[in-house]
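One structure is given here, and the rest of the page talks about it.
The values are calculated or read from the model by the stated rules, or taken from the named source; none is laboratory data. Just so we're clear, the structure is a prediction, and the values are computed from it rather than from any experiment. Methodologically, a virtual Cβ is constructed for each residue, glycine included, from the backbone with ideal geometry; neighbour enumeration extends over all protein chains shown. Protein only, heavy atoms only, side chains kept; ligands, DNA and RNA dropped before computing areas. Shrake-Rupley method; radii C 1.70, N 1.55, O 1.52, S 1.80 Å.
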Amino acid sequence: MSHKLAAERVAERDARVAYLNRVLPVDDRVADLLARMTLEEKIAQMLCIWGEKKNLLFGPDGALDVAGLGRRFSHGIGQIARLSDTGGGKSPREMAALANLLQKFLVEETRLGIPAVFHEECLHGLAAPDATSYPQPIGLAATFDPGLVEEIYTAIAEETRARGAHQALTPVVDVAREPRWGRVEETFGEDPYLVSRMGIAAVKGFQGDGSFRDKKRIMATLKHFAAHGQPESGTNCAPVNVSERLLRDTFLYPFREVIAKAGARSVMASYNEIDGVPSHANRWLLRNVLRAEWGFRGTVVSDYYAITELHRRDDVLSHCIAHDKAEAALLALRAGVNIELPDPDCYPLLEALVAEGRAVEADVDALVGPLLAQKFDLGLFEDPYVDPAAYDFDGAIAAGRTRALRAALETITLLKNDGALLPLRPGKYRTIAVIGPNADRPLLGGYSGTPRHNVTVLEGIRARAGKDVNVLSSEGCKITVGGSWHEDTVTLPDPAADRAAISEAVATAERADCVVLALGDNEQTSREAWSKVHLGDRASLDLFGAQNELVRAVAATGKPIVVLLFSGRPHTLAEVRTRVPAILACWYLGQETGTAVASVLWGDTAPGGKLPISFPRSAGHVPCYYNYKPSARRGYLCDDVSPLYPFGYGLSYTTFALRNLRLGKRVISRDDTTHVEVDVTNTGAAAGDEVIQMYVRDCVSSVTRPVKELRGFRRIRLEPGETRTVTLPLGPEHLAFTTIDNTHAVEPGEFEIMVGSSSRDEDLARVTLRVE
């Protein structure tokens, strides 16, 4: 039989079987498939495998164990997690080939031929070998450039789909209001509006128009729902103690906006509890708010092992609201969690729960239906395979380098530049000392892959300096020994060894004309605390270890110093700020770190990033976020209550003037719109980027409102002497909040509209809008 005739007969069969008929509406196909499925097959769609992939999928010879798959997955499987980390890490083509083999088994060897969804971690690039590594999200937020963020996640989606995966457990749209928390680096910062705009951009990049049929896009997963970003005591997964109004206006706001404006297809429930109810058992959160109020029709995935934690998981945390795993499964089912990640643990018990009458099959159907709908929408029933030879992985890696460098350059934020030390003037500094524990190591942060190219600070400076500049180096001290994100145990350096290294660094600095100090975090001192032996939250925000001692010693040489601060969270920087003339906040810049910092040091590119989160003066100044309530910052005895560096702050190598702030209409009705205009001029001698920021304050309201809230921004580039008019829209979506009667509405009255270069009062011009 010819291939053409065989294909025609398959098409005729598919047309007769409703769920295989691609011309029918997805809802009809789902209904038909559900009617054909046994309870065991339905529950299989609510399960995933990850940790046991090696044992479950492969035989002793390392080859795919097809006979074993038939025994273990006769009912199919809903998802398979992270093929990229199978067997120590798969190359792009190996991962795609493995995905094809697994789909072939599921489609051809199971009764109903339901393909699987493969999910991956894609926080700032696919977390896989040979994948491009971009700046961490906290760094991408510093760009204030949603267009760039959408471009980055578009590329990540195409690279991920080409390897056979379909869903990213990204983006994180938690609002980070607790800088002691180790997961700050994964977020887009402290402001709900900025987080929402970056989240919208990321989801549009991942999902495109949502059709998925070009096989270049993947489903996005918003996480962590909800309020994960302000845990009690700053420790990961701790309770979140907030009112419903604050929950809605701050922590739920980005989720609602991204779902409404970008159509995110999946949401991950959070580990934490709110008002005593863990999110994975929170029917009000997952059913009333997410589905009923917001109309969300996608899927809720569990965080890894979080359903088990409703019962007990002593090595991590336990909520102790379920007597056993069966009851935990029942709570999650009733709350509306569609699928258990990453391994089967509680949801396999649903079959017995239904048999006992404690659960009803209709509830299972209601959660399986959306999982199947996503597989239809992805086109997996028509074509679950990828062609490893059709995608130019090498070309994508090369293009990724250019994109990653652009992102790193836009991320870098100038916090201090006394005496215009930066940019380094050609010919002035013939010998440069590059010193510090972050001077010559990869700086990617958590949830990172292994990029083919990775440029350290020292490598980048040596490459840019050329033959005319002598570049010296010294480690100075260690942050921790090793320092890998994956190493559970944090080993502190030997104090005597650190003292010797500091002495060596001082000797190196004395031989130089200028010092570049690379300081901050490593991947152990700021990371997700996922167990009691794998910690990353801190009680102090000071630089870790002997770094402040290193700063004091090098500063005592009298040499001009530039600090490059690499971190996953804000630091207090008391020693650095008082002793160092120039500070660049770099966060984690990704694989092109060294090239980017060298470009900024020599002024090939002017820094234009802005802080997406405030820097407190000490841990005792927490909370430090800018959008506080009017009664919240009365002052401290013998201390300054303001942040060290505020949200939205960032300097440039040039200067800008904002003039002629005006409103399109000064008076509007509650459902009307207007706009803000301001003229921006580059008043300096160098080209540069500025981020124009618009803040709003409701002057008198039925409930207390923040002193200011970001409600618009625009990043622009201006040549010396150039003037541009920036226009920002202003309407009900920027003015509404949860009122005294718990409605989301605009109240009439006066609104102060503030526009400027940061959230600081002295950086803002003001105009008044009246709403009638």
Worksheet item: Restricting the first residue to the stretch 114-125 and requiring it to be surrounded by fewer than 24 Cβ atoms within 10 Å (Cβ to Cβ), which pairs with a second residue that is of a type in the set (Gly, Ala, Ser) and assigned to a loop (DSSP other than H, G, I, E, B) meet a Cβ separation below 6 Å and a spacing of at least six or different chains?
Response: GLU121/ALA127
Worksheet item: THR655 passes all but one of (1) within 23 Å of PHE615 (Cα to Cα); (2) hydroxyl-bearing (Ser, Thr, Tyr); (3) open to solvent by less than 30 Å² (accessible area, probe 1.4 Å); (4) more than 26 Å from the chain's Cα centre (by Cα); which number fails?
Response: (3)
Fill in: One residue from THR143, THR132 being open to solvent by less than 10 Å² (accessible area, probe 1.4 Å), under 28 Å from LYS375 (Cβ atoms) and modelled with pLDDT of 95 or more
THR132
Item to complete: Kindly provide the set of residues from the stretch 270-312 that are outside any strand (DSSP E or B) and β-branched (Val, Ile, Thr), ordered by number.
Response: VAL289, ILE307, THR308
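Just to check your reading of the model, which residue among SER318, SER279 is touching a residue at least 12 places away in the same chain (Cβ under 8 Å) and hydroxyl-bearing (Ser, Thr, Tyr)? Steps first, please.
Details: SER318 fails: touching a residue at least 12 places away in the same chain (Cβ under 8 Å).
Being touching a residue at least 12 places away in the same chain (Cβ under 8 Å) and hydroxyl-bearing (Ser, Thr, Tyr) holds for just one of SER318, SER279, which is SER279.
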Item to complete: List the number of the failed condition for ILE274; all other conditions in (1) closer than 22 Å to PRO192 by Cβ; (2) surrounded by fewer than 19 Cβ atoms within 10 Å (Cβ to Cβ); (3) in contact with a helix residue (DSSP H, G or I) (Cβ under 8 Å, 6 or more places away or on another chain) hold.
Response: (2)
Discussion item. Of a type in the set (Ser, Thr, Tyr), open to solvent by 70 Å² or more (accessible area, probe 1.4 Å) and either at pLDDT 95 or above or not in a helix (DSSP H, G or I) (or both): is that true of THR704 in this structure?
Written reply: yes
Worksheet entry | Index of the failed condition, THR160 passing every other in (1) hydroxyl-bearing (Ser, Thr, Tyr); (2) outside any loop (DSSP other than H, G, I, E, B); (3) at pLDDT below 95 | (3)
Worksheet item: Which residue out of GLU690, GLU733, GLU709 is under 26 Å from the mean Cα position of the chain (by Cα) and over 22 Å from VAL771 (Cα atoms)?
Response: GLU690
Discussion item. For the stretch 720-754, give me the residue count where each residue is over 22 Å from TYR253 (Cα atoms) and either in contact with a Phe, Trp or Tyr (Cβ under 7 Å, 6 or more places away or on another chain) or open to solvent by less than 10 Å² (accessible area, probe 1.4 Å) (or both).
Written reply: 1
Item to complete: Go through the stretch 740-772 and give me each residue that's within 15 Å of SER701 (Cβ to Cβ) and part of a loop (DSSP other than H, G, I, E, B).
Response: ILE740, ASP741, ASN742, THR743, VAL746, GLU747, PRO748
Discussion item. Can you go through GLY684, GLY712 and tell me which one is in a strand (DSSP E or B) and more than 23 Å from SER631 (Cα to Cα)?
Written reply: GLY712
Worksheet item: If you scan the stretch 669-700, which residues turn out to be open to solvent by 40 Å² or more (accessible area, probe 1.4 Å) and under 18 Å from GLY749 (Cα atoms)?
Response: SER669, ARG670, ASP671, ASP672, THR673, HIS675, ARG697, CYS699, VAL700
Worksheet entry | The one condition in (1) modelled with pLDDT under 95; (2) in a loop (DSSP other than H, G, I, E, B) that LEU24 fails to fulfil | (1)
Response to the item:
Across (1) buried (at least 21 other Cβ atoms within 10 Å of the Cβ); (2) in a loop (DSSP other than H, G, I, E, B); (3) at negative phi; (4) of a type outside the set (Lys, Arg), ILE80 clears everything bar (2)
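Can you name every residue in the stretch 376-402 that is surrounded by fewer than 15 Cβ atoms within 10 Å (Cβ to Cβ) and closer than 20 Å to ALA97 by Cα?
GLU382, ASP383, ASP387, ALA389, ALA390, ASP392, ASP394, GLY395
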Worksheet, complete the sentence: Residues of the stretch 403-422 being of a type outside the set (Lys, Arg), surrounded by fewer than 20 Cβ atoms within 10 Å (Cβ to Cβ) and outside any helix (DSSP H, G or I), in sequence order, are ASN417, LEU421
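Just give me the residues in the stretch 337-346 being closer than 17 Å to VAL289 by Cβ and either polar (S, T, N, Q) or surrounded by fewer than 23 Cβ atoms within 10 Å (Cβ to Cβ) (or both), in sequence order.
Within the stretch 337-346, ASN338 is the sole residue that qualifies.
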Practice prompt. Name the one entry in ALA238, ALA264 that is farther than 26 Å from SER759 by Cα, without any contact (Cβ under 8 Å) to a residue 40 or more places away in the chain, not in a helix (DSSP H, G or I) and not hydroxyl-bearing (Ser, Thr, Tyr).
Written response: ALA238
Worksheet item: How many residues does the stretch 112-156 contain that are over 19 Å from GLY594 (Cβ atoms), part of a helix (DSSP H, G or I), over 12 Å from the mean Cα position of the chain (by Cα) and not acidic (Asp, Glu)?
Response: 7
Worksheet, complete the sentence: Scanning the stretch 55-71 for residues that are part of a loop (DSSP other than H, G, I, E, B) and either charged (D, E, K, R) or on the phi < 0 side of the Ramachandran plot (or both) gives GLY59, PRO60, ASP61, ALA63, ASP65
Fill in: Flag if ALA332 is small (Gly, Ala, Ser), touching a residue at least 40 places away in the same chain (Cβ under 8 Å) and either closer than 25 Å to GLY263 by Cβ or not in a helix (DSSP H, G or I) (or both)
yes
Item to complete: Mind checking which helices (runs of 4 or more DSSP H) fall wholly inside the stretch 547-656 and carry at least 2 residues that are free of Cβ contacts under 8 Å to residues at least 60 places away in the same chain?
Response: 547-555, 574-579
Worksheet item: Here is a list of conditions, (1) of a type in the set (Ser, Thr, Tyr); (2) modelled with pLDDT of 95 or more; (3) over 24 Å from the mean Cα position of the chain (by Cα), and SER279 meets all of them except one; can you say which number that is?
Response: (3)
Worksheet item: What residue, of ALA281, ALA373, ALA362, is of a type in the set (Gly, Ala, Ser), within 24 Å of ALA165 (Cα to Cα) and open to solvent by 10 Å² or more (accessible area, probe 1.4 Å)?
Response: ALA373
Practice prompt. Select from the stretch 423-465 the residues that are crowded, with 24+ Cβ neighbours inside 10 Å, closer than 14 Å to LEU517 by Cα and of a type in the set (S, T, N, Q) and list them in ascending order.
Written response: ASN438
Worksheet item: Of the numbered conditions (1) surrounded by fewer than 20 Cβ atoms within 10 Å (Cβ to Cβ); (2) hydrophobic (A, V, I, L, M, F, W, C); (3) part of a strand (DSSP E or B), LEU222 satisfies every one except a single condition; which is it?
Response: (1)
Worksheet entry | Residue, nearest to PRO348 (Cα to Cα), within the stretch 49-72, restricted to residues that are in contact (Cβ under 8 Å) with a residue 60 or more places away in the chain and in contact with a Phe, Trp or Tyr (Cβ under 9 Å, 6 or more places away or on another chain) | ILE49
Practice prompt. Working only within the stretch 177-218, note down all residues that are β-branched (Val, Ile, Thr) and under 23 Å from THR160 (Cα atoms).
Written response: THR187, ILE200, VAL203, ILE218
